[in-house]
Amino acid sequence: MRMPWRQGDVLDLASIGSRVDSLTDLSRIDGGPGARLTAVRTQAQDFRREFIETGTPDSVTTCDLVTLPYPTRFGLFRASRAIAPFLAITNRLLVIRWHESDGTPRVLLFEPSDVELSRYTPYFDKLAARTPDVVLKRMVTEHATVLTHLARLRIDPSEVDYLMFDHLHTQDLRRWIGATAPQPDLGEQPKPLFPRAKVIVQRDELAAMADLHPLQRPWYQPGTYRDVPPEAFLPIDGSVVLGPGVAVVKTPGHVFGNQSLVLNTATGVWVSSENVIAAECLTPEHSRMPGLARWAREWDQEVVLNANTIETTVDQYNSIVLEKTLADRSQRDSRFLQFFPSSELTASWTNPGTSPTFTHDAITHH
């Protein structure tokens, strides 16, 4: 699949924010994955102390986008004993606002999924084709669109500075950042709905999308990137503090270029990604879902991965431990951490055995 960038052009665009030196490239640690796990705990503690000193953003607002089915064997990797083959996850948008030191206002949209176009991701497209419409309507609930939420918040799309995803699985960005040629399926050459926004993405993921491995292909829509403008991307290497209390931390594993959002708020530090689908997957010993606590105890596993793709499983495990070390404990229930899954496990009567013990539902900070 030909992409609109070569290995040497878009990957050399300018970076943003302040580079985080305390979080290094773990692949360069001497020893195996166990040595990297030890290093990640120490590095996470060092970064956490530095990050808290950066301050807090002006506001964080959570917006529900869609609730949809997801295979239990993926979301609760190896641990679940639920009889339901599917569970439900709710994908949410986070709207983060802050001011730079010179007073410049910033708006970041984290996980601004175009739900209408995301459904054509090969895996979900094939799943929908095998599912009767009457069943599909009961399994999928579209809550509101990105643009509807922004209108409610009185944010004009032209005010948005950054778009960011933990990774680009399922994402079709053409309506958000435009295209350089007509798009037959959209009926026109789309102009960007977010004309000034840049997509913050890890260089590793952009590079991988140019030549996807068969294990990656069911989850990406590479054809939709053929005509997107390269200048709409802001590729970064590693972890960056974007603004006061706002950082992007590289968390490879789920995909090679996975990244997590880290926020310092009035309730402490939050971390958000899709590395796990429930807060209890970071402390499975406290889970009441069938199988999780027992599996964690029997196999001496401290986290339960979200594993629809297994690109580098040990790295994903280590990245989740990094997230776990950064996050504060919930003020509602100290057994669970302030980890906010970008797609959070949601109770549904149609999926017995998959009702979460604890949910966050939202991050709110003003």
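The values are calculated or read from the model by the stated rules, or taken from the named source; none is laboratory data. Computed from a predicted model, the values in this text were never measured in an experiment. No Cβ is skipped: glycine too gets one built from the backbone with ideal geometry, and neighbour counts run over all protein chains shown. Accessible surface is based on the protein model in full, side chains and every heavy atom, while ligands, DNA and RNA are left aside. Shrake-Rupley method; radii C 1.70, N 1.55, O 1.52, S 1.80 Å.
So the values come out like this:
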read-out: Separation of the Arg81 and Ala151 label points, Cα + 7 Å toward Cβ, nm; value: 4.9
read-out: Under 14 Å, Cβ to Cβ, from Gly75 - net charge with Lys/Arg +1 and Asp/Glu -1; value: 0
read-out: Accessible surface, segment 316-359, averaged per residue in Å² (probe 1.4 Å); value: 35
read-out: Partners for Lys324 among lysines (Cα-Cα distance below 24 Å; same-chain residues under 8 apart left out); value: Lys250
read-out: Net charge, Ala296 excluded, C-beta distance under 11 Å - Lys, Arg +1, Asp, Glu -1; value: -2
read-out: Ranking by accessible area, most exposed first, for Glu53, Glu100 with a 1.4 Å probe; value: Glu53, Glu100
read-out: The chain, accessible surface, carbon-and-sulfur percent (1.4 angstrom probe); value: 51
read-out: Cα-based shape type of segment 126-273, given that a ≥ b ≥ c are square roots of the gyration tensor eigenvalues and the cut on a/c is 1.5; value: rounded
read-out: Calculated FRET efficiency for the pair Ser22/Arg288, C-beta based, R₀ 30 Å, to 0.05; value: 0.25
read-out: Anchor Lys137: lysines whose Cα lies under 26 Å away (excluding residues fewer than 8 positions away in-chain); value: Lys126
read-out: Summed side-chain charge close to Ser342 - residues other than Ser342 whose Cβ falls under 10 Å, Lys, Arg +1, Asp, Glu -1; value: -3
read-out: Farthest toward positive dipole pole in the chain [+1 Lys/Arg, -1 Asp/Glu at C-beta], among Ala232, Leu147, Ala197; value: Leu147
read-out: All aspartates and glutamates inside 14 Å of Lys198 as judged from Cα atoms, apart from same-chain residues fewer than 8 positions distant; value: Glu111, Glu159, Asp161, Glu231
read-out: For segment 20-43 and segment 201-274, distance of Cα centres in Å; value: 19
read-out: Global geometry of the chain, whether rounded, prolate or oblate, following the gyration tensor of its Cα atoms and the 1.5 cut on a/c; value: rounded
read-out: Protein-only accessible surface order, largest first, of Trp98, Trp349 at 1.4 Å; value: Trp349, Trp98
read-out: Shape of segment 191-327, Cα gyration tensor, a/c cut at 1.5; value: oblate
